[in-house]
Amino acid sequence: MAVKRMDNVGIVVEDLSGAIDFFGELGLELEGQATIEGEWAGRITGLGDQRVEIAMMRTPDGHSRLELSRFLAPAVVADHRNAPVNALGYLRVMFAVDDIDETLERLRKRGAQLVGEVVQYGNAYRLCYIRGPEGLLIGLAQELS
């Protein structure tokens, strides 16, 4: 049996409401929030008894989700937010946008910083990386017609 779809990408943050606001400004819709806790959840993650606040954000097309998590217990043990783009492991999440310049202008008001510069890849895309809330690496891609 083949994979049916990718359900979501998870990102751990310190400021859940700030991350919700940022990704809302990008165009994602808050689908729901919950606190997940208890031994059953820890059996899935391997963390034991855990307590985590989550927010599920949905892309406008309804096909992709971003799960934002704020761990209350156990404490966060590592911080990869400032890793460069050539670091091993999960790197970034990339979003397709209608207008990269307009999107950058809106997100800069929420603290986004351009990592390098906006570049054009042939006649297909304009692309850039930004640091979003808490230094998260986010890619933006504008398809050229």
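Here residue 108 meets each of (1) closer than 23 Å to residue 6 by Cα; (2) open to solvent by 60 Å² or more (accessible area, probe 1.4 Å) with one exception, condition (1). Pick from region 87-124 the residues that are in contact (Cβ under 8 Å) with a residue 24 or more places away in the chain and β-branched (Val, Ile, Thr): which of them is farthest from residue 21 (Cα to Cα)? Checking each candidate, the answer is 115.
Here residue 84 fulfils each of the conditions (1) in contact (Cβ under 8 Å) with a residue 12 or more places away in the chain; (2) outside any strand (DSSP E or B) apart from (1).
Selection of region 24-64 for residues being closer than 23 Å to residue 111 by Cβ and either free of Cβ contacts under 8 Å to residues at least 24 places away in the same chain or part of a strand (DSSP E or B) (or both) yields 29, 30, 33, 53, 54, 55, 56, 57, 58.
Counting the residues of region 87-105 that are within 25 Å of residue 124 (Cβ to Cβ), at pLDDT 80 or above and assigned to a loop (DSSP other than H, G, I, E, B) gives 3. Within the bounds of region 39-48, is there any residue that is crowded, with 16+ Cβ neighbours inside 10 Å and under 13 Å from the mean Cα position of the chain (by Cα)? Checked against the condition, which is being crowded, with 16+ Cβ neighbours inside 10 Å and under 13 Å from the mean Cα position of the chain (by Cα), region 39-48 yields no hits at all.
Of everything in region 1-23, what is assigned to a loop (DSSP other than H, G, I, E, B) and touching a residue at least 60 places away in the same chain (Cβ under 8 Å)? Give them in sequence order.
Just the residues of region 1-23 that are assigned to a loop (DSSP other than H, G, I, E, B), to begin with: 1-8, 13-15.
Within region 1-23, 13, 14, 15 qualify.
Against the criterion of being surrounded by 14 or more Cβ atoms within 10 Å (Cβ to Cβ), closer than 23 Å to residue 8 by Cα and out of contact with any helix residue (DSSP H, G or I) (no Cβ under 9 Å at 6 or more places or on another chain), residue 64 qualifies.
The values are calculated or read from the model by the stated rules, or taken from the named source; none is laboratory data. Please read all numbers here as calculations on a predicted model, not as lab measurements. With ideal geometry, Cβ positions are generated from the backbone for all residues, glycine too; neighbour counts draw on all protein chains shown. The accessibility values were calculated without ligands, DNA or RNA, using every heavy atom of the protein model including side chains. Shrake-Rupley method; radii C 1.70, N 1.55, O 1.52, S 1.80 Å.
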